[in-house]
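**Student:** Dropping a structure here in structure tokens format, bear with me for questions.
The values are calculated or read from the model by the stated rules, or taken from the named source; none is laboratory data. Since we're looking at a predicted model, the values are computed, not measured. Note: ideal-geometry Cβ built from the backbone for every residue, glycine included; neighbour counts use all protein chains shown.
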Amino acid sequence: MVKKKWLIFFMKKLPILLILLCTSTIKAYDFDTDTVKTKELSYAVELFSDGYVIPWGMAFLPNNEMLVADLSGKLYLVSKNGNSKTEISGVPEVYFKRQGGLMDVEIDPNFSQNKLIYISYSHLIGKKSFTRVARAKLEKNSLENLKVIYKADEKHYTKRAIHFGSRIIFDNEYMYFSIGDSYERKEAQDINTPNGKIHRTFHDGTIPSDNPFNDEDGNKNSIWCYGNRNPQGLAITKDGTIWELEHGPMGGDELNIIRKGVNYGWPTITYGRNYSGTKISNFTEMEGMEQPIWHWTPSIAVCGMKVYEDNLFEAWQNNILVTSLKDEYLERVIVKNGKYVDRESIYKPVNRVRDVEVGPLGRIYVALEDPGRIVVLSPIQ
């Protein structure tokens, strides 16, 4: 009889115990300062900024403030210490549905002089959408003189609202940006369609005369390379090497070095399968199509990336920081002379990891989901 009473008491209290346990777990992994030991070093994790829906892109200003693009369509200016953030006005209307919304944000290489920033976002016409790129002048907490510098013809818009890409990177002369295949797979192989490609333009959106698919009649094409499924990570190193992360299907996430005019194969060759388990292609390689430096099979659902070239995490110099949505971690990939060497999971927050950025002092900033927030990693000396 006594055992039965205790059992009834325990069952009544079980929901409360579960709530307390879950609350404790959330605090331990998501918000509180933590210390993590990896193969090469130990570091501290601290909450930097929170209150986001899905923080999709991050960029630092020269004064160490941070811009954060939230997929919901809001752009924020975050203070140096992360204690406050201000919503920036003048952002164009974005199509926030499924995978669409406000994606990347980057600053102009000459931002100190021209105050220009760039955003990529999904744009809606009727019931169809596609990726756009715009730039504007950042004046205090407002975007001024906003101009769309890349837009596709309406015939390329689709109703699917997935596979938009999209990241933006710069060198001193050119802008590179990615657009996913819009789930129109075959179009990734068609150089007359903009989806499933990496594009190159000048900073103002005009097309260079030496782009690989300009035709003999003088018609210019912004496509730099093709055969890319859903490129959600782009990074450029100090020596000008362009790295890409390609979000694959069930298997076949890819790490690529992006080069002029190259065909990266999707969907003709792939290491991935449909989510149903059926084959997409019978081929994983084919003459004239580039092999990835590394592929994740099964998929980890890659997204943002950064090549670590600072000195603070000295043991991780020149490693590629890769985010995982599905497996919910940040990893470093070691490459030497363009060849894969090894990889290590270095931060596992038990949340989808959306983006990664390196701050002006060499610290690593990681954008997380559910709830949307940004944490900062600092090495322990």
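**Student:** Please go through the stretch 338-353 and pick out each residue that is modelled with pLDDT of 95 or more and touching a Leu at 6+ places or on another chain (Cβ under 7 Å).
**Tutor:** If the condition is that a residue be modelled with pLDDT of 95 or more and touching a Leu at 6+ places or on another chain (Cβ under 7 Å), then Ile346, Tyr347, Arg352, Val353 are the ones that fit.
**Student:** Shifting gears a bit: Mind listing just one residue for me: the one in the stretch 235-255 that is of a type in the set (Asp, Glu) and in contact (Cβ under 8 Å) with a residue 40 or more places away in the chain and, of those, farthest from Phe170 (Cα to Cα)?
**Tutor:** Asp253
**Student:** Now for a different question. Identify all residues within the stretch 107-148 that are closer than 20 Å to Asn221 by Cβ, among the hydrophobic types (A, V, I, L, M, F, W, C) and buried (at least 18 other Cβ atoms within 10 Å of the Cβ); write none if there are none.
**Tutor:** Phe130, Val133
**Student:** Okay, next question. Picking from Gly233, Gly248, which residue would you name as being in a loop (DSSP other than H, G, I, E, B) and not polar (S, T, N, Q)?
**Tutor:** Going through Gly233, Gly248 in turn, the sole match is Gly248.
**Student:** Taking the criterion of being crowded, with 19+ Cβ neighbours inside 10 Å and either part of a loop (DSSP other than H, G, I, E, B) or in contact (Cβ under 8 Å) with a residue 60 or more places away in the chain (or both), would at least one residue in the stretch 208-220 satisfy it?
**Tutor:** No, every residue in the stretch 208-220 fails to be crowded, with 19+ Cβ neighbours inside 10 Å and either part of a loop (DSSP other than H, G, I, E, B) or in contact (Cβ under 8 Å) with a residue 60 or more places away in the chain (or both).
**Student:** Same structure, new question: Looking at Tyr150, Tyr226, Tyr183, which is the one that is hydroxyl-bearing (Ser, Thr, Tyr), in contact (Cβ under 8 Å) with a residue 60 or more places away in the chain and farther than 19 Å from Met305 by Cβ?
**Tutor:** Just one listed residue meets the conditions, Tyr150.
**Student:** Tell me yes or no: at least one residue of the stretch 204-225 is in contact with a Gly (Cβ under 6 Å, 6 or more places away or on another chain), farther than 19 Å from Ala134 by Cα and modelled with pLDDT of 95 or more.
**Tutor:** yes
**Student:** Something else now. Can we say Ser166 is in contact with a helix residue (DSSP H, G or I) (Cβ under 9 Å, 6 or more places away or on another chain), within 18 Å of Val94 (Cβ to Cβ) and either of a type outside the set (A, V, I, L, M) or in a loop (DSSP other than H, G, I, E, B) (or both)?
**Tutor:** The answer is no for Ser166.
**Student:** Which of (1) part of a loop (DSSP other than H, G, I, E, B); (2) surrounded by 13 or more Cβ atoms within 10 Å (Cβ to Cβ); (3) under 22 Å from the mean Cα position of the chain (by Cα); (4) without any contact (Cβ under 8 Å) to a residue 60 or more places away in the chain is the odd one out, the single condition Arg332 does not satisfy?
**Tutor:** All conditions are met except number (1).
**Student:** Looking only at the stretch 122-132, decide whether some residue is farther than 24 Å from Lys186 by Cβ, of a type in the set (Val, Ile, Thr) and either in contact (Cβ under 8 Å) with a residue 60 or more places away in the chain or touching a strand residue (DSSP E or B) at 6+ places or on another chain (Cβ under 9 Å) (or both).
**Tutor:** no
**Student:** Now for a different question. Filter the stretch 256-269 for residues that are in contact with a strand residue (DSSP E or B) (Cβ under 9 Å, 6 or more places away or on another chain) and in contact (Cβ under 8 Å) with a residue 40 or more places away in the chain and give the result.
**Tutor:** Of everything in the stretch 256-269, those that are in contact with a strand residue (DSSP E or B) (Cβ under 9 Å, 6 or more places away or on another chain) and in contact (Cβ under 8 Å) with a residue 40 or more places away in the chain turn out to be Ile257, Ile258, Lys260, Gly261, Asn263, Trp266.
**Student:** Kindly indicate which of Gly180, Gly277 is within 23 Å of Phe130 (Cβ to Cβ) and touching a strand residue (DSSP E or B) at 6+ places or on another chain (Cβ under 8 Å).
**Tutor:** Answer to the check: Gly180.
**Student:** Next up: How many residues does the stretch 60-73 contain that are surrounded by fewer than 20 Cβ atoms within 10 Å (Cβ to Cβ) and either among the charged types (D, E, K, R) or at pLDDT below 95 (or both)?
**Tutor:** Adding up the residues that qualify gives 1.
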